[in-house]
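To start, I am sharing the structure in question, which I have written as structure tokens.
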Amino acid sequence: MSFALAATLWQRASMDAGVRPGEPRALLMLVTSWVWLLGLVAQLVGVGLQAAALDRGRVTIIQPLLVTSIVWALPLGYLLTQQTITGRHVLGATIIVAGLAVFAIFGDPAAGVDDAPTSDWISAFVVLAVVCVGLMLAVHRGGPGTRAAGFGVTAGILYGVSATLMKPVVEEWHAVGLAGLLEDWQLWTMAVAGIVGFCLQQLSLGTGRLVTSVATVSVANPVVSVALGALVLQERLDKDPEWHARVAVGALVVALLGTIVIAAASERGTKDAPRVTPALP
């Protein structure tokens with residue numbers, strides 16, 4: 001909910017300021033807005049809660065729950081940025097909630113480590129970097145919806161990297177304290193990934209497609225986190241009994257399909273009706 005509130009407030013500030021996506025002065029203009037700063041507070045609260053959750057649980061379980069951001073973005077977008085909510089939005093939100101509820105019940109993480117060799121991290125980061133570069137090259141060839149999705153997916157990938165690194169960073173903090181943590185490359189990589197993802201999310205929200213932006217960030221983030229959790233941190237879903245893991249994975253796929261329903265409904269609504277822009281204060 002905190003992440004959804006932050007995204008909605010940031011988009012409202014962008015719309016009120018009348019800035020266009022990609023303007024070099026856009027972020028500089030927005031940081032003087034109390035609405036934008038309130039969104040930043042909400043984002044920091046979300047990150048703090050996320051760190052507390054990762055300190056107590058596995059990435060494979062915690063990160064998929066972030067998909068609920070798109071559910072919270074619907075009423076918040078309706079109230080704060082005049083986004084339209086249709087029956088398809090409600091259907092998609094219902095699918096997401098049902099899928100995540102089943103995933104939380106049957107998804108029991110097993111095994112896993114708190115950290116991994118540096119070489120394993122680097123191999124994963126190289127692959128993700130190639131994907132991000134490809135997305136950045138593609139966003140300049142499409143319309144607002146494409147730009148919102150491209151920037152959103154890239155931001156979600158970087159947020160996923162940052163969130164996965166948050167697990168070993170928190171463990172390192174407990175082990176060596178703040179002084180020792182400042183010498184750890186994972187802390188600074190986590191910070192850089194989070195900051196760059198934050199800037200790209202601003203560009204995504206600046207297109208005016210709130211639901212598309214939140215949906216792509218909310219899906220890419222947990223997908224990358226779960227992949228890194230499984231491949232690097234060796235996390236697995238408990239297979240005792242084996243059908244529990246199958247039900248959990250199926251439920252997560254259903255939840256992700258719900259985000260597609262919402263994003264598709266938003267794109268259709270934008271084409272069928274003129275966009276309503278809040279008046280400048």
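Any read-out appearing in this document is the output of simple, stated calculations on the displayed coordinates, not a laboratory observation. Bear in mind that the values here come from a model prediction, so they are computed numbers and not experimental data. Ideal geometry is used to build each Cβ from the backbone, glycine not excepted, and the neighbour counts take in all protein chains shown.
Only Lys, Arg, Asp and Glu count, each charged at its Cβ (+1, +1, -1, -1), so figure out the dipole size of the chain about its Cα centre, rounded to 20 debye.
I would put it at about 1260 debye.
Picking from Ala175, Ala248, Ala51, which is most flexible by a Gaussian network model of the chain using Cα springs under 10 Å?
Maximum fluctuation in the GNM of the chain, among the listed residues, is at Ala175.
A further question on this structure: Could you work out the equivalent-ellipsoid semi-axes for the chain, taking the square root of 5 times each eigenvalue of the Cα gyration tensor, largest first, in whole Å?
Value: 31, 23, 16 Å, ordered largest first.
So, one more: What relative contact order, as a whole-number percentage, does the chain give when Cα pairs under 8 Å and 6 or more residues apart are counted?
Result for the chain is 34 percent.
Among Ser69, Ser119, Val223, whose Cα sits farthest toward the positive end of the charge dipole of the chain (+1 at Cβ of Lys/Arg, -1 at Cβ of Asp/Glu, about the Cα centre)?
About the Cα centre, the residue reaching furthest to the positive side is Ser69.
Show that you can apply the helix-only estimate: for the chain, add -39,500 (n - 2.57) for every DSSP H stretch of four or more residues, divide by all residues, and state [θ] at 222 nm to the nearest 500.
-26000 deg cm²/dmol
So, one more: With each label point set 7 Å from Cα along the Cα-Cβ vector, what nm distance links Thr189 and Val45?
That separation, rounded to one decimal, is 3.2 nm.
Just going by the charge dipole of the chain, with Lys and Arg at +1 and Asp and Glu at -1 on Cβ, which of Ala104, Ala93, Val232 is farthest out on the positive end?
Value: Ala93.
Once label points are set 7 Å from the Cα along Cα→Cβ at both Thr146 and Ala52, what is their separation, rounded to one decimal in nm?
The answer from the label model is 4.3 nm.
Moving on to the next point. Scan the chain and hand back the longest stretch that contains none of the trypsin sites (Lys or Arg not before Pro) lying in DSSP loops with at most 13 other Cβ atoms within 10 Å.
Counting only loop sites that pass the neighbour cut-off, the longest clear stretch is 26-238.
Follow-up. If a helix is a whole DSSP H run, which ones in the chain reach 20 Å or further along their own axis (Cα) and hold a mean Kyte-Doolittle hydropathy of at least -1.0?
Result, helices passing both filters: 2-17, 34-56, 87-106, 118-138, 144-181, 185-205, 210-231, 242-272.
Expressed in nm to one decimal, what extension gain is obtained for the pair Cys199 and Leu231 from 0.36 nm per residue of sequence separation less their Cα-Cα distance?
8.8 nm
Let me ask something additional. Work out the charge dipole of the chain with +1 on the Cβ of Lys and Arg and -1 on the Cβ of Asp and Glu about the Cα centre, then indicate which of Ala248, Gly197, Gly150 is farthest towards its positive end.
Result: Gly150.
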